[in-house]
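The block underneath contains the structure these notes are about, expressed in structure tokens.
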Amino acid sequence: MENITVLGSTGSIGRSTLDVVRRNSDRFRVFALGAGSNVEQMFADVMEFKPDFAVLSDESASSRLKDLLAGSNSVTKILSGYDQLSFIASHESCDSVMAAIVGAAGLIPALAAVRAGKKLYLANKESLVMTGHLFIMALKESGSRILPVDSEHNAIFQSLPETEQLRLGFCSMRDAGVSRILLTGSGGPFRQLPLDRLASVTPEEAVAHPTWNMGSKISVDSSTMMNKGFEFIEAKWLFNLNNDDIQVVIHPQSVIHSMVQYRDGSVIAQMGNPDMRTPIARVMAYPDRIDSGVGSLDFFALSGLSFFEPDYSRYPCLKLAIDSCWAGQAATTALNAANEVAVAAFLNHEVSYPRIYEICSRTVERHSADTIVDVESVLELDRRARETASALL
Ligand code: NAD
Ligand code: MG
């Protein structure tokens with residue numbers, strides 16, 4: 001029985017993870033749940049999964065949760081505050097951690113899991129965008145394993161030989177005979193919108209993703225393709241890539257989740273319905289295959305598969321992220337911080353859609369030469385970049 005801690009349990013990935021646990025209760029037991037402030041969802045999950053611990057980082061939310069549970073026969077210990085997320089991620093009775101908190105808030109608890117040698121199922125791509133090399137070195141030091149949940153990285157993982165699957169962070173594309181990683185993305189809801197309409201798109205339009213159902217921040221990131229840019233950076237660190245090893249391909253149907261092209265001309269792709277329970281089940285059961293609740297892909301129902309090169313005038317955030325990837329750690333840390341500030345402001349109707357790019361690029365310009373030596377300096381840069389981005393708002 002694997003004792004799993006689910007961080008971000010009330011979110012989109014968290015809910016899908018709990019569904020996979022529910023379907024495979026002979027293999028997995030929820031050791032702990034962690035989230036921000038969603039009391040009602042946490043209450044329901046505590047009653048159903050009976051974890052040892054439940055953490056809400058928001059203190060008033062956790063006291064409301066305690067009140068709600070007072071009349072029940074629940075024996076789950078309720079903890080409150082951000083630091084307790086790292087406590088449940090590194091607890092000696094926990095075997096594995098699903099890191100599915102959104103944004104920079106996910107970094108410290110994910111790192112705590114790595115440092116404690118836990119098997120890490122990584123959904124929080126922002127961790128690698130913010131700390132790349134430091135994160136991979138922490139993995140090496142503790143000997144912990146990382147398995148990618150993000151559907152594209154999970155597809156690449158599945159399409160690589162086992163030798164590379166077992167050394168994420170330290171892969172060699174040359175040894176594996178890989179000529180190129182093809183990172184696919186749908187292009188989001190504005191792929192065909194006339195360019196002059198982009199200035200007036202609303203948050204409601206931006207979160208309506210054509211193929212995937214996700215949290216609001218990542219949905220906006222998908223519409224700008226900043227998400228693909230972050231995934232480019234995430235792929236660089238997970239698969240140890242150089243400039244020419246990776247290319248972004250727009251594939252609107254989201255049937256192929258990414259591909260690996262080999263020196264001999266072979267291309268191996270992973271396909272399936274766009275449902276995150278597939279990559280979640282893949283990492284949780286690896287190397288086995290378990291029921292995820294996802295139906296079989298019906299090839300006869302597909303209208304066709306198409307592929308396009310990304311147009312950077314439509315997706316300037318993608319270009320900015322790729323340039324930041326090769327510019328270095330300070331650039332990607334600043335980019336992540338600015339993007340969080342700008343996307344939150346856009347979702348709040350405080351800035352127009354094109355301002356997301358503008359705020360990000362000006363923040364990166366300001367901070368790309370800053371120095372990063374350790375996690376503390378990453379957090380410090382994250383704070384300064386948020387100040388810069390907020391001032392630009
Ligand atoms: P979401 O918004 O649906 O859920 C976010 C979760 O994080 C919630 O449980 C929330 O309570 C928790 N959270 C937020 N701030 C917190 C804080 N300060 N302390 C504790 N908990 C906090 O997001 P999501 O779509 O599930 O995405 C989660 C992560 O997975 C993101 O990093 C995203 O990039 C990545 N991801 C998501 C998908 C997807 O399909 N949703 C796919 C690939 C990767
Ligand atoms: Mg993805």
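The values are calculated or read from the model by the stated rules, or taken from the named source; none is laboratory data. Note that the coordinates shown come from a computational prediction; the quantities given were computed from them, not determined experimentally. Here the Cβ is made from the backbone with ideal geometry for all residues, glycine too, and neighbour counts use every protein chain on show. Calculation scope for accessible area: heavy atoms of the full protein, side chains included, ligands and nucleic acids excluded. Shrake-Rupley method; radii C 1.70, N 1.55, O 1.52, S 1.80 Å.
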Item to check | Calculated FRET efficiency for the pair D83/R362, C-beta based, R₀ 51 Å, to 0.05 | outcome: 0.95
Checklist entry - Of the cross-linked pairs K66/K125; K77/K125; K77/K217; K118/K236; K50/K118, which ones have a Cα-Cα span greater than 25 Å in the structure shown? => result K66/K125; K77/K125; K77/K217
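How do the peptides 30-41, 150-161, 228-239 rank, highest first, by the average count of neighbouring beta carbon atoms within 10 Å per residue?
Values: 30-41: 21.7, 150-161: 24.1, 228-239: 25.9.
Descending packing order for the listed peptides: 228-239, 150-161, 30-41.
If you roll a 1.4 Å probe over the heavy atoms of the protein chains, what accessible area per residue do you get for the chain, in Å²? Show your work: numbers first, answer last.
Numbers: 15970 Å² over 393 residues.
Per-residue accessible area for the chain comes out at 41 Å².
Take every Cα pair under 8 Å in segment 161-312 that's 6+ residues apart, average their separations, divide by the length, and report that relative contact order as a whole percent. Let's see the in-between values first.
Details: 203 pairs, mean separation 44.8, N = 152.
RCO, segment 161-312: 29 percent.
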Checklist entry - For segment 328-393, which whole-number percentage of the solvent-accessible area (1.4 Å probe, protein heavy atoms only) is attributable to carbon and sulfur atoms? => result 49
Item to check | Area accessible to solvent at K140, 1.4 Å probe radius, in Å² | outcome: 130
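Please compute the contact order of segment 108-182 in relative form: average sequence separation of alpha-carbon pairs under 8 Å and at least six residues apart, divided by the residue count, as a percent. Walk me through the numbers on the way to the answer.
On the way: 66 pairs, mean separation 20.8, N = 75.
The normalised contact order for segment 108-182 reaches 28 percent.
Of all the accessible heavy-atom surface of segment 151-313, with the other protein chains kept in place and a 1.4 Å probe, what percent is carbon and sulfur? Intermediate results must be reported in sequence, preceding the final value.
Details: 3460 of 7050 Å².
Solvent-exposed carbon and sulfur of segment 151-313 make up 49 percent of the total.
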Checklist outcome for this item: The ratio Rg/Rh over the Cα atoms of segment 2-148, Rh being the Kirkwood inverse mean 1/r radius, stands at 0.96
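Could you check how many percent of all C-alpha pairs in the chain are farther apart than 40 Å?
Values: 8584 of 77028 pairs.
Within the chain, distances greater than 40 Å cover 11 percent of Cα pairs.
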Checklist outcome for this item: The alpha-carbon center of segment 265-306 and that of segment 317-347 are separated, in whole Å, by 30
Item to check | Percent carbon-and-sulfur accessible area, segment 2-148, ignoring ligands, DNA and RNA, probe 1.4 Å | outcome: 49
Next on the checklist: Between segment 124-167 and segment 1-64, what is the separation of their alpha carbon centroids in Å?
Outcome noted: 23
